[in-house]
Structure formats: C-alpha cells, structure tokens
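Comments concern the structure below.
The values are calculated or read from the model by the stated rules, or taken from the named source; none is laboratory data. The structure presented is a predicted model; accordingly, all values stated were derived computationally and were not measured. Cβ placement follows ideal geometry from the backbone for every residue including glycine, while neighbour counts extend to all protein chains displayed.
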Amino acid sequence: MLSIRNLVKVYPGPVTALQGVDLDVATGMFGLLGPNGAGKSTLMKIVAGLLEPTSGEVTLDAVDVVRNPEAVRPHLGYLPQDFGFYPHLTGESMLLFLLKLKGVDAAQGQKRLVADLLERVNLAFAAKRKVKGYSGGMRQRLGIAQAIAGNPKLIIVDEPTAGLDPEERHRFYRLLGELAQDRTVLLSTHIVEDVSTLCPRFAVIRDGKLVALTSPTEARASIAGAIFEGTVDAVELTQLKRTRRVTQAILYEGRNRVRIHEPNGTPPPGFEPVKETLEDAYLVLMQGAARAVSNGASGNDGKFNRLSAVGEVRP
Ligand code: ADP
C-alpha cells in the first residue's frame, strides 16, 4: 500500500506545486489525472524518492520513502516523462546499461534478463536495432522494460501515452494492464482516455490539490442525464459561455458543436440530451474546482470532492 499524507512541495520562486495531498493507493492501476502544471510530475518524483518534499509523508508498505529512499528504490520502477535514451545504442545494449545503472540483481545473468524483459514488452524483434529507429511506442515499452526489472511492487509511469499514435497507445494500455494485475501501477496523465481505458480508481489533481477521488463509472453517473449537445454559431457560443456551463466546444464541419452541463434546468432550444462521457465529468469537475478557487474556497474544505458533489458547486 502506498500512503501519501499532507504532501507539500514549494519550489524556489516560490511556486507551490503541491498543497497538502493525501492519498492511499492499493494494488492495481490507479490514475492521477490533471492538466499540465497541476503537480503530477512533482508528486511522481517525490513518490519515486527522487525529489524531497517541503513537508509531508510518503510510505510504501510502511517504509518511509522520504527519509529512506534507498530502502524503497529496489521495490520501485519509474518511467519518467522525459526518459533519456542513447539513440546510437541498440535496444538490448541500452537496457543492459540501464539495468547496470539500476543495480538490478540477475540470477541468470544480465543478458538473459535483458532478453526476458524485451520479450515481456514485446520488443524482442527489435533487440538489435538502434533506439534512434524506434517509434515512440517502442521507446516507451523499452522504458517500461527497465521499470519492471527487479519485479518492483510499485511502478510509476508519468504521462506515458503522450505523443503515441492510437495503435501504439492501445498496445501500451495492454502492457500496463497486464503489469497492474499483481502490483500497484501509478499512472499520471492529462489524457482522459488513459483513465477510462485503464483505471478502476483515479484521483483528479488541479493546482497541487486533489479535487476528486473516484471511479470512471461513479464519475459518469454523477452527471447522468445532465449533458446536452447542440450546434451554434460563434455569437451564440459567446452568449452560452456567459449563461451556461459549457463543458466542450468543438469545431465540426465549420460550426461549433457544444456540450453543456445542465443538472437542474432545461437545456437551450435545439439542444438534445446525450450520453455522458468521462471527459464531460472531468471538465465539469475542473470547472467546479476553478470556481471554488475563484470564490476563495479551498475546494471542498481542503477535502476530496468524491464526485457525488459534481454539480453542487454552483456559479
Ligand atoms: P504536471 O506534471 O502536472 O504538468 P508539474 O509537477 O511539472 O506539473 O509542475 C507543477 C508546478 O510546479 C508548475 O507550476 C510548474 O511550473 C512548477 N514546477 C515544476 N518543476 C519546477 C521547478 N524545478 N522549479 C520551479 N517550479 C517548478
């Protein structure tokens, strides 16, 4: 079990990246969803024992990650957002190099371990190819290969699907899903689809605070029947943004296809009820959190919004 208590990180500046995060994560896949700048990477680096928090506690199975990162590191695999590879090395040599750096024990020899890991992430076919010729998805799978070396009980993956094409993304989802069967995988992302595809539980982070702890099903249920869609011109869109809760406005065939969240009242003329998505729930929640901040509230008394509260934060 990973436990995070009242975690605060203030960078020089000062920039407050985390404002008191509390979170417990059990075995399986757990998502941390939030926009750029929300504090996801900061949280991931602290959990990985690579960055000291300003205050607060992180424990992995009761071992203190902050005070004793060396004790936790062998049980932890980390795929950072900006994983650096040496492009002129082959996949095999790169992985061997990374395993040596990590100091992973290999009972049957490191070459054998490299071969097994490449097999596991479906890269055996490219073992002798230079990394510079790898696609984005292949690089990410190589990154996962080093993260799972040593069979860690916690794997931290920071924004792993950004920049992958849809096919690569789905292949990567499958790999992460398999890994989460018998360990904890903490996945940070700004992509809602990552969460809806993979995560039975997830937290939403914004401005260094957790604003929800929920499941995709629960999140969608909280806005069921309250999402409406219609097509409007630019002037109408401006008007709608003033009077309604617009969750999405997408250009479609040159016009604005707009989704609004209308939990109580009637939708504007021409708007039809549509099936709610996790993206809608996320956007409604982010708007609620933004309003809470601009109203001077700390976002539900500093506690999680368990998403039952979506729609309760009124303008
Ligand atoms: P995310 O991963 O969600 O995009 P980050 O954790 O990278 O968010 O950043 C959270 C906030 O902390 C942002 O405002 C970012 O600009 C700031 N930040 C991140 N790293 C540093 C740093 N080394 N020094 C100062 N500010 C930083």
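Checking each residue in the stretch 24-49 for being surrounded by 15 or more Cβ atoms within 10 Å (Cβ to Cβ) and part of a loop (DSSP other than H, G, I, E, B) picks out T27, G34, A38, G39, A48, G49.
I223 falls short on exactly one of the conditions (1) assigned by TED's automatic domain parsing to the domain that holds N122; (2) surrounded by 21 or more Cβ atoms within 10 Å (Cβ to Cβ), and that condition is (1).
Say we look at the stretch 1-53 and pick out the residues that are hydrophobic (A, V, I, L, M, F, W, C) and away from the ligand (no atom under 14 Å from the Cβ); which of these is nearest to the chain's Cα centre (by Cα)? Filtering first and then ranking leaves F30.
Answer yes or no as to whether F202 is assigned by TED's automatic domain parsing to the domain that holds T16 and either in contact with an Asp or Glu (Cβ under 6 Å, 6 or more places away or on another chain) or not small (G, A, S) (or both). Steps first, answer last, please.
Numbers: assigned by TED's automatic domain parsing to the domain that holds T16: yes; either in contact with an Asp or Glu (Cβ under 6 Å, 6 or more places away or on another chain) or not small (G, A, S) (or both): yes.
The answer is yes for F202.
Of all the listed residues (G84, G56, G77), the sole one being touching a residue at least 40 places away in the same chain (Cβ under 8 Å), more than 16 Å from the ligand (Cβ to nearest atom) and not in a helix (DSSP H, G or I) is G77. Count of the stretch 233-278 residues, restricted to those that are in a strand (DSSP E or B) and loosely packed, with under 12 Cβ neighbours inside 10 Å, is 4. Number of residues in the stretch 256-286 that are among the small types (G, A, S) and more than 11 Å from A226 (Cα to Cα): the value is 1.
Within the stretch 99-126, which residues are surrounded by 14 or more Cβ atoms within 10 Å (Cβ to Cβ), assigned to a helix (DSSP H, G or I) and not β-branched (V, I, T)?
Taking the stretch 99-126 first, the residues surrounded by 14 or more Cβ atoms within 10 Å (Cβ to Cβ) are 99, 102, 104, 106, 110, 113-118, 120-124, 126.
Next, only the ones that are assigned to a helix (DSSP H, G or I) stay: 99, 102, 110, 113-118, 120, 124, 126.
Residues satisfying the conditions are L99, K102, Q110, L113, A115, D116, L117, L118, R120, A124, A126.
Farther than 19 Å from P87 by Cβ and modelled with pLDDT under 90: does that describe G163? When the stated conditions are applied, G163 does not pass them.
Just checking, does the stretch 143-154 include any residue being in contact (Cβ under 8 Å) with a residue 60 or more places away in the chain, closer than 19 Å to F30 by Cα, of a type outside the set (F, W, Y) and in a strand (DSSP E or B)? Checked against the condition, which is being in contact (Cβ under 8 Å) with a residue 60 or more places away in the chain, closer than 19 Å to F30 by Cα, of a type outside the set (F, W, Y) and in a strand (DSSP E or B), the stretch 143-154 yields at least one hit. If you go through the stretch 153-168 one residue at a time, how many are crowded, with 21+ Cβ neighbours inside 10 Å and away from the ligand (no atom under 16 Å from the Cβ)? Final tally of qualifying residues: 2.
Taking the criterion of being surrounded by 15 or more Cβ atoms within 10 Å (Cβ to Cβ) and acidic (D, E), the only residue of the stretch 50-81 that qualifies is E57.
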